[in-house]
Each structure stands twice: as C-alpha cells, then as structure tokens.
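Peer 1: Take this structure first; my questions come after.
What follows draws every value from the coordinates through simple rules; no lab data is involved. Please read these numbers as outputs of a predicted model, since none were measured by experiment. We place every Cβ from the backbone using ideal geometry, glycine too, and count neighbours over all the protein chains shown.
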Amino acid sequence: MKSCQWDAKVNARIVLEGMQSKPVAARCHVYQIAQSQYSQWREPSLAHTAKAVEVRQDAQKDARLARQHMLSDVVRRHALRRH
C-alpha cells in the first residue's frame, strides 16, 4: 500500500464506513490503506465513541436530576402556599 497522510476527519470517516456494512478489506482497498492501519485508527475511534456515549449519559442524568429538583421545588412552594 502506498503511504498517505490522512487527517483525523478522513480517518474517522474511513473507520465509520468500515464499521457499517462494507467489509474492512474493501474499505482498505478503496482508500489504499493496509488493514493494520485501519485497525490502528479503529481502536482510538472506538474509545472516543465510548467516551462520547458516557458523557452524553452523564449529561442526560444531570438534566433529569435538575428537572426532578425543579419539580420538587415547585411542589414544595405550592404546598407552602396552601398552608
């Protein structure tokens, strides 16, 4: 395979294409990269994806807790007004 310099955006696109329906060997052939190069790009991409999912789950949990706190506050204020 010829040696090419790919930027991070292209690396990510190649990895995503390889993770979809097309065989990795076909992706590597199209982009003229070795499968070992693909594997080197894939591992960090998977790690970043897992981290992104984790961050999103944390943000969703924080938002849910904030909504619960806000609702509890509304209920408390409403109960105080009734007395």
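Peer 1: For the chain, list log₁₀ I(q)/I(0) at each q in 0.14 Å⁻¹, using the Debye formula over Cα point scatterers of equal strength and ignoring solvent, two decimals each.
Peer 2: With one equal scatterer per Cα and no solvent, log10 I(q)/I(0) is -0.61.
Peer 1: Shifting gears a bit: Which ordering of 39, 72 is given by a fewest-first count of other beta-carbon atoms within 10 Å? Kindly include the intermediate steps, with their values, before the conclusion.
Peer 2: Values: 39 13, 72 10.
Lowest to highest Cβ neighbour count: 72, 39.
Peer 1: Another question, then. How tilted is helix 8-19 with respect to the longest principal axis of the chain? Cα atoms for both, answer in degrees (0 to 90, nearest 10).
Peer 2: It works out to around 90 degrees.
Peer 1: Net charge within 11 Å of residue 30 by Cβ-Cβ distance, Lys/Arg positive one each and Asp/Glu negative one each, not counting residue 30 itself? Intermediate values should be presented prior to the final figure.
Peer 2: Details: positive: 22, 27; negative: 17.
So the surrounding residues net to +1.
Peer 1: Oh, and also: Of 32, 68, 80, whose Cα points farthest to the positive end of the dipole of the chain (charges on the beta-carbon: +1 Lys, Arg; -1 Asp, Glu; origin at the Cα centre)?
Peer 2: Looking along the dipole axis, the top candidate is 80.
Peer 1: Taking the chain as a Gaussian network, Cα atoms linked when under 10 Å apart, which of 12, 63, 25 shows the biggest mean-square fluctuation?
Peer 2: 63
Peer 1: Another question, then. Roughly what angle does helix 35-82 make with the longest principal axis of the chain, taking Cα atoms, 0 to 90 degrees, to the nearest 10?
Peer 2: Approximately 10 degrees, to the nearest 10.
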